[in-house]
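*Asks:* My questions will all concern the structure given below.
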Amino acid sequence: MNSLPGEIIDQVWYIIDNNLQGMFQLNEMIGFNLTNQKNHLTFEFLQQDNVVASFDTPFPYAESFPEALWVYDDGSSQIILLPNEQM
């Protein structure tokens with residue numbers, strides 16, 4: 001995936017490692033909406049298609065960002081996908 005800058009991809013892993021693990025039961029597929037909150041990027045963590053937590057970032061929001069992304073993590077492989085991408 002190359003539609004997000006590296007620092008934003010790093011932010012996804014930071015949120016998972018520091019905000020989600022231990023707080024939520026995580027499946028192998030983790031979903032996020034990417035939203036514009038006061039011109040900054042916010043990640044909305046999804047479980048069963050419901051937003052259960054939001055994480056504001058200092059990064060400016062760009063219209064070129066995808067509306068959503070998925071993270072696949074089976075303990076040995078980790079990848080970030082857009083919803084229309086296949087593994």
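FYI, it's all coordinate maths here, none of it is from the lab. Remember, predicted model here, so these are calculated numbers, not experimental data. Please note: Cβ atoms are built from the backbone with ideal geometry, for glycine as well, and neighbour counts cover all protein chains shown.
*Asks:* Please work out which option in [x] 17.0, 53; [y] 15.2, 47; [z] 12.2, 37 gives Rg and Dmax of the Cα atoms in Å calculated from these coordinates, and answer with its label.
*Replies:* Here the calculated entry is [z].
*Asks:* A further question on this structure: What FRET efficiency do you get for Glu67 and Lys38 if R0 is 30 Å and r is their Cβ-Cβ distance, rounded to the nearest 0.05? Before the final figure, lay out each step's value.
*Replies:* Numbers: r = 18 Å, r/R0 = 0.59.
With a Förster radius of 30 Å, E is 0.95.
*Asks:* Return the FRET efficiency for the residue pair Asn18, Asn84: r is the Cβ-Cβ distance, R0 is 22 Å, and the value is rounded to the nearest 0.05. Could the numbers behind the result be given before it?
*Replies:* On the way: r = 28 Å, r/R0 = 1.29.
With a Förster radius of 22 Å, E is 0.20.
*Asks:* How high is the relative contact order of the chain, given as a whole-number percent (alpha carbon pairs under 8 Å, six or more residues apart)?
*Replies:* The value is 26 percent.
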